[in-house]
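The values are calculated or read from the model by the stated rules, or taken from the named source; none is laboratory data. From a predicted model like this one, the values you see are computed outputs, not experimental measurements. Here the Cβ positions follow ideal geometry from the backbone for every residue, glycine too, while neighbour counts run over all protein chains shown.
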4 protein chains.
Amino acid sequence: MDEFSTRDPAYVRRVTDSFHRQGLMRTFGAELGNIRPGFVEIRLPYDEKLTQQHGFIHAGAVSAIVDGAGGYAAFTLYQPGDGVLTVEFKINMMAPAEGDMLVARGQVIRPGKTLTVTTGEVVAVKDGQETTCAIMQQTIMRITGRTDVVD
Amino acid sequence: MDEFSTRDPAYVRRVTDSFHRQGLMRTFGAELGNIRPGFVEIRLPYDEKLTQQHGFIHAGAVSAIVDGAGGYAAFTLYQPGDGVLTVEFKINMMAPAEGDMLVARGQVIRPGKTLTVTTGEVVAVKDGQETTCAIMQQTIMRITGRTDVVD
Amino acid sequence: MDEFSTRDPAYVRRVTDSFHRQGLMRTFGAELGNIRPGFVEIRLPYDEKLTQQHGFIHAGAVSAIVDGAGGYAAFTLYQPGDGVLTVEFKINMMAPAEGDMLVARGQVIRPGKTLTVTTGEVVAVKDGQETTCAIMQQTIMRITGRTDVVD
Amino acid sequence: MDEFSTRDPAYVRRVTDSFHRQGLMRTFGAELGNIRPGFVEIRLPYDEKLTQQHGFIHAGAVSAIVDGAGGYAAFTLYQPGDGVLTVEFKINMMAPAEGDMLVARGQVIRPGKTLTVTTGEVVAVKDGQETTCAIMQQTIMRITGRTDVVD
C-alpha cells in the first residue's frame, strides 16, 4: 500500500473526536484501532445485539464499520474544518462474520481534492487467527463548505 | 416493477420469523413494513443511538436496513428450509438520512435458482414527505444445504 | 422515473457531437437512440467482432454502452462547456447478451452540482422481444475547468 | 496477495484458447500477459479506435479488459470443462487512461465452489512509468453444466 503524509499533525485527534460523536458506533460498542495517514482501523467485539438470524454478526454491522474505516482513512488526509461524506461503496461478503472480534481496515488508494477512493477489508478474529470476511471499494467526498450533502 | 408469485403461502411468516431472530434489527428498533412476493420494507424510526457525527442516521444503519430489505425480498420467493445470504451490494448515498423515519424497500429484479438480483432504495420521511436518501443494487444467494457460507 | 428539465436547449446536439468523437462507439458500430433530459439510449447491433468465447456479446461491450448511456444522461442536464466523467459504476449481468441488438438506457436518478447518480439497464432485442441482460448503478462527475480528471 | 495452486496443469492453455475465441479482444487488439494460478494480465496497446471524446482510452474498454482479467484469474483455478461467467463488477476510474499501453491485472481474493471474488487494477504505461487508472471488485460464477447463464 502507498504511504501518505498529512498536512494536519492533529489528524488522530480529528478522527477520534468525530468517531466519538457517532451514536451508532457507541451503540455497537465499536472502538478505533490503529490510525495512520490514509489508514484507519475500527474494532468491533462480538455482541449478541449485532447478530443476524444465524448468530453471526449482521452484514449491516460489517458494512457500517468498514464504511466508517474507509471514510476516516480519507479524513486523516483532510485539513481542519473539512467534512467527510460517503458517496458510495460496494462490499463483498466472503465468510461468516463470527469470532471474538471484527476488525475493519480502511486504506486510501487515491486521495483527491474532491473525491478520494479507498478500499477496505473486514477480518474476523477467533483464537488469534484472522479470517477475511468482507472486502469493500468506496468513494468518499470532501465537504469544504457548510453543507453536509453529496452534491 | 415486475410482479412475482411465490410457491410458499407462508412466506410472510418465514420473513417475520427470520427478522425477529436478528439481534441487530432489535438493537436498531427496526420493524417490518409491507411484504409482498419479491418485495419487503423495513422501517427505522429516528433514534440518537443510530447517528453519525452530524446527527443524521449513520450510512451504516442506512446500509443495514436496505441490505436486509433486499435479502428478505429474495427470501419471499424461496421455499421453506432455504437460507438467504448477501453475496454483495453497492449503495449510493444521495441525501442526508434525516427525518422522523427511514423506510428501506427491497425489490427482486431477477430471481434465480442460485443467485437473485435485487435493487433497493431508502427514503427519509419527514412531516409525511419522502426524500430518497440512498439507492442500492445487490446480489443474493440461496443456501439449500446446511452451510451458511457464500461458496 | 422523474422528469428533468435542462437549461440548455441544444442538449441533443451536445450529446450527439460528443458521442461522434468517441472512437470506441464507432468501432462498436453503436448508435444513439432516444435522448431526453436525464435519459439517453445507445443501440448496439449484434456483430461477431463484439463477442466473448460463447458467441454472445462480451460483458465488456455491454458495460461500455451502459456506462456511456448513463454518462450522457447526466450530460443532457449540464451547461455548454461542462465536461462529463465516470467516477465509478457497478453492473450486474443477468442474462446472456444475445439477439439482434442491445439497447442500453441511462437514467438520471439524482442530478447534482458536482456528482450525478444514474441507473441503467441493457436489454437484448430478439424478434422484437426485449430481455433485460444487465442493470447498472453509476456515479458521474461534472468537470467545469480544463482538467479531464476525477479529482 | 495469496498464492493459489490449480489442479489443472493445462490452465495456461485453457485461458489462452478461451481468450482467442473472444471477438471483442481481437477487435481491441488486446493480448494476454502474465498468467499464474489466480492471476491474469491483459495488455491493450493504445489505439484511436478505442477512444472516448477527449482521445483517452474509453472507460468501456478499460472495464472490458479488467473484467476479462478478473474472470480469467478465476478460470485458472477451475477444472477442465468448467465455464466462467461474470456475475457483477464495480469499477472506480481514478486517472485518464492515456499512454502507450494499458495493463489490466485480475487477482483472485477468495476462490469458491460456485462464486469467486476477485479484485483488479488497470495501469496506464507511458515512457515505462505506470499510473493506476482504475480499480475493480468482482464476483465470478463457475458454470459446470451446459447452461451459460447466471442462475
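Observations on the structure shown:
- Verdict on C:Gly145 being in a loop (DSSP other than H, G, I, E, B), surrounded by fewer than 23 Cβ atoms within 10 Å (Cβ to Cβ) and more than 14 Å from chain D (Cβ to nearest Cβ): no
- Residue within region B:118-131 that is closer than 16 Å to A:Gln52 by Cα and within 16 Å of the chain's Cα centre (by Cα) present: no
- Residue match in region C:68-91 (condition: farther than 29 Å from B:Ile91 by Cα, touching a strand residue (DSSP E or B) at 6+ places or on another chain (Cβ under 7 Å) and modelled with pLDDT of 95 or more): no
- Subset of region A:105-127 (residues that are touching a residue at least 40 places away in the same chain (Cβ under 8 Å), surrounded by 22 or more Cβ atoms within 10 Å (Cβ to Cβ) and of a type in the set (Val, Ile, Thr)): A:Val108, A:Thr116, A:Thr118, A:Thr119, A:Val122
- In region C:1-35, the residues that are among the charged types (D, E, K, R), away from chain D (no Cβ under 14 Å) and in contact with a helix residue (DSSP H, G or I) (Cβ under 9 Å, 6 or more places away or on another chain): C:Asp8, C:Glu31
- Scope region B:38-57; condition polar (S, T, N, Q) and out of contact with any strand residue (DSSP E or B) (no Cβ under 9 Å at 6 or more places or on another chain); matching residues: B:Gln52
- Filter result for B:Asp47 (closer than 21 Å to B:Thr131 by Cα, over 11 Å from the mean Cα position of the chain (by Cα) and touching a residue at least 12 places away in the same chain (Cβ under 8 Å)): yes
- Residues (among the β-branched types (Val, Ile, Thr) and either surrounded by fewer than 19 Cβ atoms within 10 Å (Cβ to Cβ) or assigned to a loop (DSSP other than H, G, I, E, B) (or both)) located in region D:36-85: D:Thr76
- Within the option set A:Arg21, A:Arg13, A:Arg36, being under 15 Å from A:Gly106 (Cα atoms) and basic (Lys, Arg) holds for one residue only, A:Arg36.
- Matching residues in region A:1-35 - criterion: being loosely packed, with under 13 Cβ neighbours inside 10 Å and charged (D, E, K, R): A:Asp2, A:Glu3, A:Arg7, A:Arg13, A:Asp17
- Filter result (in contact with a strand residue (DSSP E or B) (Cβ under 9 Å, 6 or more places away or on another chain), assigned to a loop (DSSP other than H, G, I, E, B) and touching a residue at least 40 places away in the same chain (Cβ under 8 Å)) within region A:7-35: A:Gln22
- Residues located in region D:73-90, provided they are within 19 Å of D:Thr6 (Cβ to Cβ) and polar (S, T, N, Q): D:Thr76, D:Gln79
- Exactly one residue out of A:Ala97, A:Ala69, A:Ala64 is within 14 Å of A:Ala134 (Cα to Cα) and in contact with a His (Cβ under 7 Å, 6 or more places away or on another chain): that is A:Ala64.
- The set of residues from region C:58-85 being touching a residue at least 60 places away in the same chain (Cβ under 8 Å), within 16 Å of D:Ala64 (Cβ to Cβ) and of a type in the set (Val, Ile, Thr) comprises C:Val62, C:Val66.
- Of all residues making up region A:86-127, the number that are away from chain B (no Cβ under 14 Å), part of a loop (DSSP other than H, G, I, E, B) and within 24 Å of B:Gln138 (Cα to Cα): 0
- Hey, D:Gly55 over 11 Å from the mean Cα position of the chain (by Cα), at positive phi and not polar (S, T, N, Q) or not: yes
- Of all residues in region A:36-85, those being of a type in the set (Lys, Arg) and either within 13 Å of chain B (Cβ to nearest Cβ) or closer than 22 Å to B:Thr27 by Cβ (or both) number 2.
- Taking (1) in contact with a Gly (Cβ under 7 Å, 6 or more places away or on another chain); (2) under 30 Å from D:Arg7 (Cα atoms); (3) among the β-branched types (Val, Ile, Thr) in turn, D:Ile109 satisfies each apart from (1).
- C:Asp151 meets all of the listed conditions (1) modelled with pLDDT under 95; (2) out of contact with any Lys or Arg (no Cβ under 6 Å at 6 or more places or on another chain) but one, namely (2).
- Matching residues, region A:10-44, being under 14 Å from the mean Cα position of the chain (by Cα) and hydroxyl-bearing (Ser, Thr, Tyr): A:Thr16, A:Ser18
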